[in-house]
Structure formats: structure tokens, C-alpha cells
Amino acid sequence: MAATRRLVLLFGGRSAEHDVSCVTAAHVLAAADASRYDVVPVGIDRQGRWVRAEAAPGRLTAEGPAVQPADVLGEPDTVAFPVLHGPFGEDGTAQGLLEMMGVPYVGTGVLGSALCMDKAMAKDAAAAHGIRQVRHLAFRDVDLEGDLDGIMGRAAEHLSLPVFVKPANLGSSVGVTRATDVGELAAAVKLALGYDEWVVVEEAVTAREIECGVLGYGRLRASVPGEIRPSHDFYDYDDKYADGAADLLVPAPLPPEVTEEVRRLAVTAATALRVDGMARVDFFYEEQGRGLLLNEINTIPGFTPISMYPKMWAATGVPYGRLIDELVDAGLARHRNRAERYGRSRTSG
């Protein structure tokens, strides 16, 4: 790795997770080793305009003079670090732009990003690999027109109440609702459809919430797992980013054999869904029932001080600053590997 590499930090974005992305970016900016990286924060505002952002102490916003992507990404020895949570960033769109421009970048590639972002398709792919999950149904907006209440009544019978309703292509618990009767279920679906044209309805389970980080390129490795004990009915937006009242236990208090099973399944699931670079793999653990059930995979997990992904890697022996280094190294390794096959490279790495 060069002594100083230009690291373009892409944050903000057009999704409902814009503010979360700004918080994440501020912490990555503060933690990046200034002797190794020239960090250039580039914000994307809510209208999709790219700006050269200016950081204030502990704060970063997608505001500043407008720039063109080619201007900020076109310089030699540039690596992009996207922390664009949600659609238009975590879903493969930003990754596709960077691939087209030949720019190395941190995190999962186009296919894995798109697949993991869409909860409905991710569940289908995981099921095809025999990975156990909670029971669920997926609906598209056009399929619900005219008979929402009737369809939700049948969904409630199939899954049993209560259930959780989620926009298929969003994260950070935005738009997620717990429904205990058919009326609440229909209202929850309407809310979720305000964020996405696809919604996922899942059975509610009595289970522990276990998470595990994966890291690397080629052969992923897994962190020690962590456990979330929410302060509310579920691990919602406030627990994640506002009051931080949830208990985050790292390492998770699990028997050794369950810990190893979590780590093994995290790598198995991430590999099946074409993840590389980084991801946080979330499970439900039914101790007296079905055991470990895959919930979802987040390819751009939060990096705030109360976020699980950096906490789990710190407990595994990879502190925050070194975690950034390893993510950059993994992105460069993927870029070199692909460049050998497609005949293009923007960096000597």
C-alpha cells in the first residue's frame, strides 16, 4: 500500500437513511489514519447532487460546492469508500458506477450489494442454499391493489400474528412495524410501501438477536458474534442511532459450540449471497426451537461508536483504524483480481 492513498468517502445519498450515512461517515473520517490516507469527503445530497463536503468537529453533512463524479474520482491512487446506506448506494448502484469508472472501492460488489439490499430476493437466494430462516411472504404494490385487507388476512393466517413488516429495500429499521392484528398489518404494509414497491412480512419469533461481522476478499473470515438486547419491542432506529438504550453484548454470551456455528453460518450465508469486503450477518437464535435462523445481511453496516460491526471486530482483535486498513486492502485486492481478467486497472495497488 502506498504511504498516502487518496480515499474518497462517499456518504449521504437519496435514501431515507441519508442522516445515518452522514453519522457513519463522520466517524470513518475521524478514525482514518492521516499518515496513510488523504480522506476526501464527498456528499450526495437528497436530490442526488454531488458536493465537496466540509467537515466540522464530529459532524459531516452533504453540503458544499457541487462537483462531478469524474472530477473527484478521476485522480490516480483513488479508492472509494462508500458509506451510502440504503437505496442508491448500498444496492449496487454506486458500486456499478465505480466499476464503470475503473475505481477501486471498499465493500461488496454489484451483485452481492443488490442481492442483500433486496430482502425478498436475498431470502430466496438463502433458501436455495438450504439456509434456515424465519417464515415470510413478499408482496409487490401492484399485487395488493383492490384487496389489501383480504390479502393481509390470508397472510396473517399463513404466518400467524404478530408479524413484522419491512420495506424490502431499506435498512436501519426505517419503515419497520410490528403488527398484532390484521388492521395493524394492513396499515404497516401501507407504511412500508411508502418506502419501496416491495414489502416483506415475517413471522415474529421469540429469539435472541445475534450478529456477526465478515471481512476480507476471496476467503471471508468472521468476527466474534455479538448480541443485541433491544430496549423496545425490537431493535429499532432509536436503539441503533438515537438513544442507544439497547444492550450490546460483545462477545455474545453463547456456548462455544454455538459461537462457532454462528461464525461458520455467517461466512456460509455471506458467501452464498456473493458478499465480499464487509458485511454484518444477523441471526435469530431460538435456543429451544429451530436454533440459528438467518435474518438478513447488511453490506454497509453502521460505523457509529454504538454500532455492532466495529465493536465485534475490535473484540476480535481488529481495532477501528486497522479495520479501515483491512477494508481498503480487500477492495484493492478485488480490483486487481478483476483487472487481470477484464484488462483494466486504475491503480498499481
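Readers should treat all values here as calculations from the given coordinates under stated rules, not as data from a laboratory. Here the structure is a predicted model, which is why all the values come from computation and not from measurement. Here Cβ is always computed from backbone atoms with ideal geometry, including for glycine, and neighbour counts include all displayed protein chains.
With a cut-off of 8 Å between alpha carbons and a minimum separation of six or more residues, what is the relative contact order of segment 5-105 in percent? Intermediate values should be presented prior to the final figure.
Values: 203 pairs, mean separation 33.8, N = 101.
33 percent.
Using Cβ counts within 10 Å as a stand-in for footprinting exposure, how do H129, H335, H85, H27 rank, fewest first?
H129, H27, H335, H85
For S307, S223, what ranking results if the residue with the fewest other Cβ atoms within 10 Å of its Cβ goes first? Walk me through the numbers on the way to the answer.
Details: S307 20, S223 29.
In increasing order of surrounding Cβ atoms, one gets S307, S223.
Residues with beta-carbon under 14 Å from that of P253, excluding P253: net charge, scoring Lys, Arg +1 and Asp, Glu -1?
Cβ neighbours under 14 Å give a net charge of -4.
Relative contact order for the chain: what percent, with Cα pairs under 8 Å and sequence separation of 6 or more? Please list the in-between numbers first.
On the way: 762 pairs, mean separation 63.5, N = 349.
With pairs under 8 Å counted, the relative contact order is 18 percent.
Calculate the tail of P(r) for the chain: the fraction of all Cα-Cα distances greater than 40 Å, expressed in %.
More than 40 Å apart: 11 percent of the Cα pairs in the chain.
Could you work out the percent of alpha carbon pairs in segment 136-203 separated by over 14 Å, rounded to a whole number? If you can, show how the numbers build up before the last one.
Values: 1094 of 2278 pairs.
More than 14 Å apart: 48 percent of the Cα pairs in segment 136-203.
Taking the Cα atoms only, what angle lies between the long axis of helix 320-342 and the longest principal axis of the chain, rounded to 10 degrees?
Roughly 80 degrees between the two axes.
Suppose R0 equals 35 Å; then what is the FRET efficiency for A128 and D247 from their Cβ-Cβ distance, rounded to the nearest 0.05?
Between A128 and D247 the formula returns 0.50.
Looking at segment 72-222 from every direction and averaging, what is the projected area of its Cα convex hull in nm²?
On the way: hull surface 43.5 nm².
The orientation-averaged projected area of the Cα hull of segment 72-222 comes to 10.9 nm².
Rounded to the nearest 5, what % of the DSSP beta bridges within the chain are antiparallel ones?
Percentage antiparallel, nearest 5: 75.
Residue separation times 0.36 nm, minus the C-alpha to C-alpha distance between D38 and E145: what's the value?
That works out to 33.4 nm of additional length.
Provide Rg over Rh for segment 5-105; use the alpha carbon set for both Rg and the Kirkwood Rh (inverse mean inverse pair distance).
Here Rg/Rh amounts to 0.92.
Per 0.36 nm of contour for each residue apart, how much would the distance between A70 and R135 grow if the chain were fully extended, relative to their Cα-Cα spacing?
Taking A70 through R135 to full extension adds about 18.9 nm, to one decimal.
Which value in deg cm²/dmol, rounded to the nearest 500, describes the helix-derived mean residue ellipticity at 222 nm for the chain, given -39,500 (n - 2.57) per DSSP H run of n ≥ 4 and division by the residue count?
After summing the helix terms and dividing by residue count, I get -10500 deg cm²/dmol.
Give me the net charge of A186's neighbourhood, meaning all other residues with Cβ under 11 Å from the Cβ of A186; Lys, Arg count +1, Asp, Glu -1. Walk me through the intermediate numbers first.
Details: positive: K190; negative: D147, D149, D181, E184.
Its environment carries a net charge of -3.
Give the separation of the Cα centroids, segment 261-326 to segment 98-141, in Å.
Centre-to-centre distance over Cα atoms comes out at 15 Å.
How do Y320, Y105 line up, fewest other C-beta atoms within 10 Å first? List each step's numbers first, then the result.
Values: Y320 17, Y105 27.
So the ranking, lowest neighbour count to highest, is Y320, Y105.
In the chain, how many lysine pairs have Cα atoms under 15 Å apart, counting only pairs 8 or more places apart or on different chains?
Count of close lysine pairs: 4.
Enumerate the calculated ³J(HN,Hα) couplings along segment 181-191 in order (Karplus 6.51 cos²θ - 1.76 cosθ + 1.60, θ = phi - 60°), each rounded to whole Hz, writing x wherever the residue is Gly or Pro.
Each residue's phi maps through the Karplus curve to give 8, 5, x, 5, 5, 4, 5, 5, 5, 4, 4 Hz.
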